[in-house]
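Here the structure comes first, spelled out in C-alpha cells, and everything after it is commentary.
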Amino acid sequence: MIEIQNVHKSFGQLEVLKGIDLTVQKGEVVTVIGGSGSGKSTLLTCINGLEPIDKGKILVDGTEVHAKTTNLNKLRQKIGIVFQQWNAFPHLTVLENVTLAPRKVLGIGKAEAEAIAEKQLKHVGLGEKLSTYPTRLSGGQQQRMAIARALAMSPDYMLFDEVTSALDPQLVGEVLETLKMLAEEGMTMICVTHEMAFARDVSDRVAYFHKGIMAEIGAPDQLFNDPQHPETRKFLASVR
Amino acid sequence: MFHTALTSADLIFLAKGAGMTILVTAISVFIGTLLGIVFGVLRGQLGPIWFAPVTFVLDIFRSVPLLIQLVLANAFVGMVLRLHISGLTVACMVLSLYTAAYCTEIVRGGIHAVPATTRRAARSLGMSWLQDMRYIVLPLATRIALPSWIGLALGVMKDSALVYVVQVTELLKSTQILITRLQEPLFLLLICGAFYFIISFPLARFGGYLEKRWSND
C-alpha cells in the first residue's frame, strides 16, 4: 500500500505540492490527471524518492520513503517508474538494458536475468528486438522497453509519468495497450496521463490535480460524468 | 644524385629515441588519464567551490608552458628536495600532471554531457551512485570524450619532445644529435617526422575505429 500524507514540496519559491493526501491499495490503478504544472509528475518522483519532500510523509508498505534510515536503493526495487522520456541506456542492447538492474542490483545470474528480460520483452511485444540498440527502435518501442526494464525488477508498484506524451500519435496506442494489459494483470499502478479515454477505461479511481492540490478524486464514471469541483469541470470541458 | 651518410646504426639510434618517446607518452597518458578520471568525477561530485584548490593547481599546469614546468620541476627535485631522481621520472611526473590537468576537463565535460534523465532512470531502478557511474555514466562519457582524449594523447606525444631539457633522449633529441654529427638537417627531420607519424597514426585510427563502432550502437 502507498500512503501519501499531507505532502508538501517546493522548488525554490514555487510550491508545487500543497498538502497531498492519497492512499493507493494493492492491486489498485489510480490515474492522475490535470494541467501542466499541477504537481502530478513531481508526486511520482517523490514517491520513488528521487525528489525530497518538505513536509508530510510517504509510506510504501509501511516504510517511510524520505526517512534518513530508509535504504532508498532497496526501496526503489519495489517501485518501478517509467518516465515521459524513456531514457534508454543507448550503449546497451535492448536485452542488456533490461538485464542490467536485475544483475547488478538484485545480484541475479546472467542466464536467469536474461530469461526474465526475454519474458518481459516478449510480454511488451519486443521479443524480436533483443540484440537491437535502442537508437534503432521507434519511440513507442523504446517506451515499451523502458516498461519491460522496470518490470524486470519484479516491482510491487508501477508509476507511469505521462509515458505517451513524447510519442507520435500513431505510437501512443501500442504503449497504452501495454499499460492496460498490466492493469488487467492486477499490477498496482499510479499513472499520470493526458489520455482521458485511457484513464476512464483502466482506472479504479481518477484524481484531478490543480495547482498542487488534489482537487477531486473518485471513480472514473463519477469524475468524468459528474465532476464535483468547478476546476475539474473546467479542465474536462477544455480537453473534450 | 641523393647521397646520405646515414647508416643503419643511426636509424636504430632514432628508433631507440622513438621508443623513449612512446615510453614517456604511454606512462604519462596512462597516469594522467587515471588522475583525470578521479579529478573529473570529484569535480562533478564536490562542485566548483570545494574543488577550487585542485582546479587552481591544475590551472597552473595548463597555463605555464611545459618547457618551464620541466625545467622548474627538475631544479626543484634536484636543488630543493635534493633527490636523485632520473630525468625520465621527472619527465613522466610533469607530463602526467600536465595530461591530468587537461583530462580532468575532458572527463568533467563527458560526465556533464550524460543526460540527467538517463542517470535518474538508472537510480530509479535501485542502482547506487557507484553502479550508476560504473555502468551508465562512465561508458557514455567515454564515448563522448573519446575524440578529445585522442587529441590530448597525440598532443602529449608531440609535447614529449620537450623532455630533452631534463636529459631524456627521446626522438627529437636523437634527431638533433644526428643533425649535429651528419649535417643533414632536412633529411633527418623528414625521417623524424615520419617516425612521429608512424607512432601517431595507429592511435588516431584506433580512435576512429572506436568512434565508428560506438556510433553503430
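Note on B:27-36: average number of Cβ atoms from other chains within 10 Å of each residue's Cβ is 0. Helices meeting the span-like rule in chain B (full DSSP H runs, Cα extent of at least 27 Å along the helix axis, mean Kyte-Doolittle score of -0.5 or higher): B:8-50, B:87-113, B:138-159, B:185-215.
Between the stretch A:1-71 and the stretch A:169-240, what is the C-alpha centre distance in whole Å? The stretch A:1-71 and the stretch A:169-240 have Cα centres spaced 18 Å from each other. Rounded to the nearest 20 debye, the dipole size of the protein assembly as shown about its Cα centre is 1100 debye, using +1 on the Cβ of Lys and Arg and -1 on the Cβ of Asp and Glu. Just how far, in whole angstrom, is the stretch B:144-217 from the stretch B:1-24 if you go by their alpha carbon centroids? Spelled out, the Cα-based centre of one part sits 15 Å from the other. Taking the Cα centre of the stretch B:72-146 as the origin and placing charges on Cβ (Lys, Arg +1; Asp, Glu -1), which of B:78, B:102, B:117 is farthest toward the positive end of the dipole? The residue sitting most towards the positive pole is B:117.
From largest to smallest, the equivalent ellipsoid semi-axes obtained for the protein assembly as shown from the alpha-carbon gyration tensor read 60, 24, 18 Å. Secondary-structure-derived ellipticity at 222 nm for chain B, considering helices only, amounts to -26500 deg cm²/dmol, per-run term -39500 (n - 2.57) for DSSP H runs with n ≥ 4.
To the nearest 20 debye, what is the magnitude of the charge dipole of the stretch B:1-139 about its Cα centre, counting +1 on the Cβ of each Lys and Arg and -1 on the Cβ of each Asp and Glu? Walk me through the intermediate numbers first.
Numbers: 9 positive and 4 negative charges, 88 e Å.
Its charge dipole is roughly 420 debye.
Mean projected area of the Cα convex hull of the stretch B:22-215, taken over all directions, amounts to 13.5 nm². Footprinting exposure proxy ranking of A:26, A:18, fewest other C-beta atoms within 10 angstrom first, gives A:26, A:18.
Kindly put A:145, B:133, A:214 in sequence by how many other C-beta atoms sit within 10 Å of each C-beta, fewest to most. Write down the numbers at each step before the final one.
Working: A:145 26, B:133 20, A:214 23.
In order of increasing Cβ crowding within 10 Å: B:133, A:214, A:145.
When every alpha-carbon pair in the stretch B:5-128 is counted, what percent end up more than 18 Å apart? Every Cα pair in the stretch B:5-128 considered, those over 18 Å come to 65 percent. Across the options A:101, A:213, A:235, the greatest Cα extent toward the positive end of the charge dipole of chain A (unit charges at beta carbon of Lys, Arg, Asp, Glu) belongs to A:101. For the pair the stretch B:52-114 and the stretch A:122-144, the centres of their Cα atoms are 47 angstrom apart. Ranking B:182, B:194, B:209 by Cα position along the charge dipole of chain B, where only Lys, Arg, Asp and Glu carry charges on their C-beta atoms, puts B:209 farthest toward the positive end. Each of A:106, B:35 was scored by other Cβ atoms within 10 Å of its Cβ. Listed from fewest to most, they are A:106, B:35.
Any read-out appearing in this document is the output of simple, stated calculations on the displayed coordinates, not a laboratory observation. Quick caveat, the model's predicted, so the values are computed rather than measured. Please note: Cβ atoms are built from the backbone with ideal geometry, for glycine as well, and neighbour counts cover all protein chains shown.
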